[in-house]
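Here is the structure we will look at, set down as structure tokens.
Computed from the coordinates by the stated procedures, all read-outs in this text should not be read as laboratory data. From a predicted model like this one, the values you see are computed outputs, not experimental measurements. Please note: Cβ atoms are built from the backbone with ideal geometry, for glycine as well, and neighbour counts cover all protein chains shown.
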């Protein structure tokens, strides 16, 4: 079978890829195969063909301190697992944002690393892998106590010292193997087997001064477990082989029961520790059957989306407004609900804003009806309960408009949180961690909102102000918000706009508050420079200005030719996020003048796009501000929960548009339930609110 030898991160591996999908789709499956102490990547090569037959790409590395990975230095079993997982994209010659689904086979010491990798993946300590199953051959789980861990460390150090003390030459190493190492009871009658001489010859052939010290270090470091009995049994199915002549690892089989929810033990009659050399055909048959079984869809209480329901609403505004040239006096939207076959549900808000969204309410209703008909016909494609199911659902609904996707994904994740008995915010953290392969995220308990000051000047009379200097001071003083947003650019005279900003900034300065501006792409470069020059003494009190220039091209040119300096305002991206590629956004964010991304979930549509934008912002030192677009309480609660996951503790988000409505879809309203304390919104209260209103929705139908 064809293979390539590749090296990355000091790890050398043999990669068998006979049936790989060249598109690199999420359906590709990977098998990691780990050899034992003093072994190398040739030891388990007999597994390549059977896994290839099952559609797997097979990666067989030389473990750290072994073979051609002798320079890979680690200090514990976990370090080895982390290094191997981090090296996987490089060994495969690709860069991936999503998960690798892997099956891991480990023999002896390699099995310890495999088990450590599975535990770390389930805990979230290693985020790039989803371990579908483990196959352990003559291996062991973690020590069950600190005392046992100390004994394991002492045994490993003793083994290392014996190797260093007795083996200085190849002949001495051979004698040690024959007379000492392979004479231990766990090997059974291996010295009587016809392959024994060849086994010793292969081991001696790989012996030299470097390998001698490498194996000694491996015994000390890589056999060292960093955990004492994982706090919870691992969920991945485990197939465990042990030889009946190997009493030590036969005992390990019973000890593994406490660490595995699903453990299948296979005793191999007459075998010692080297099962894979003595009974390779028996192993292949058992492993193939095991893998085929775990690949079958589970028939035990399968969860899938069984129905889609919706109800429409109309919420009158306290004051009419104009958006994108369209007059609006009310907000019309949809509350959508996804139901599972076991009685769970999740809700989301779909509320297209005329003048901002291209989609109408009728288009969104058609999206929902189309999904409903597809689900009733093909519900097996929309299973739910796992994080991977969520990503499959996201792929499935890419056919719909962004505003529909946002509401449907919110409903799905709400449903998923019920099925996993997990808070929505925790569920989002898990999804973000898995998708971006980041360190574990923790949601905030509460997020802050920014307030909104009166628009600077009415369009019909650009020379007059809607508020005098005293009125601005009064608005800032009486507001409970620490950050106030002011719309600018409504009149042609930028100096008039600047005058209102001066009044607001002066009042904010005295009260230690901050002002942020939103220009909605109002100006040319010349106009913006006039505006900025008129406020040169107040720039320090202005947090940022959103999109001052007419197009993203003008903005790109401005950011590339200017740097952060006294008298220059920081700029936040808003509209540019929606009409630029990820590459262009990253380029804009790299400017020292760019300080924030304003993200509107109902416009962006996809959680994965939100996560990628958040990742770009993080890499470039930009803050993330989440913003609603006059959503109902359900939509605002979803955005607030997102802000609790993606926003920083110090950030203030644009969540206050709910206060513009005369009423909410449900009573009590979002404001009464979640925003009772000044500028703070409780994330926990948002989750409780969604549960409460969804119960009311279903009780009333």
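General remarks:
- Residue order, fewest to most beta carbons within 10 Å, for 273, 259: 259, 273
- Footprinting exposure proxy for 636, 169 (fewest neighbouring C-beta atoms within 10 Å first): 169, 636
- Per-pair calculated FRET efficiency, R0 = 35 Å: residue 374 and residue 327 via Cβ, rounded to 0.05: 0.45
- Judged by the gyration tensor of its Cα atoms, with axes a ≥ b ≥ c, region 639-684 is prolate; a/c meets the 1.5 cut and a/b is the larger of a/b and b/c.
- Between 0 and 90°, nearest 10: helix 469-478 axis offset from the chain longest Cα axis: 40 degrees
- Using alpha-carbon coordinates, inclination of helix 196-205 to the longest axis of the chain, degrees: 60 degrees
- Compared with the dominant principal axis of the Cα atoms in the chain, helix 525-534 is inclined by about 80°.
- Distance between region 333-362 and region 566-641 - C-alpha centres, whole angstrom: 22 Å
- Considered as an equivalent ellipsoid built on the Cα gyration tensor, the chain has semi-axes of 59, 29, 21 Å, the largest given first.
- Ordering of 542-550, 575-583, 352-360 by burial proxy (mean other Cβ atoms within 10 Å per residue, highest first): 542-550, 352-360, 575-583
- Take the Cα radius of gyration of region 596-701 and divide it by 2.2 N^0.38 Å, N being the number of residues; the result is 1.10.
- Where a label projected 7 Å from the Cα of residue 169 along Cα→Cβ would reach, residues of region 193-215 with amide N under 13 Å: none
- Cα gyration tensor shape of region 147-221, rounded if a/c is under 1.5, else prolate or oblate by comparing a/b with b/c: oblate
- Ranked packing of 614-625, 150-161, most packed first, by mean Cβ within 10 Å: 614-625, 150-161
- Going by neighbour counts of Cβ atoms within 10 Å, the residues 327, 689 line up, fewest first, as 327, 689.
- Potential lengthening of the chain between residue 421 and residue 362 amounts to 17.8 nm, from the contour at 0.36 nm per residue minus the alpha-carbon distance.
- Computed [θ] at 222 nm, deg cm²/dmol, the chain (DSSP H ≥ 4; -39,500 (n - 2.57); rounded to nearest 500): -13000 deg cm²/dmol
- Per-residue extension of 0.36 nm, minus the Cα-Cα distance of residue 392 and residue 581, leaves a gain of 65.7 nm for this segment.
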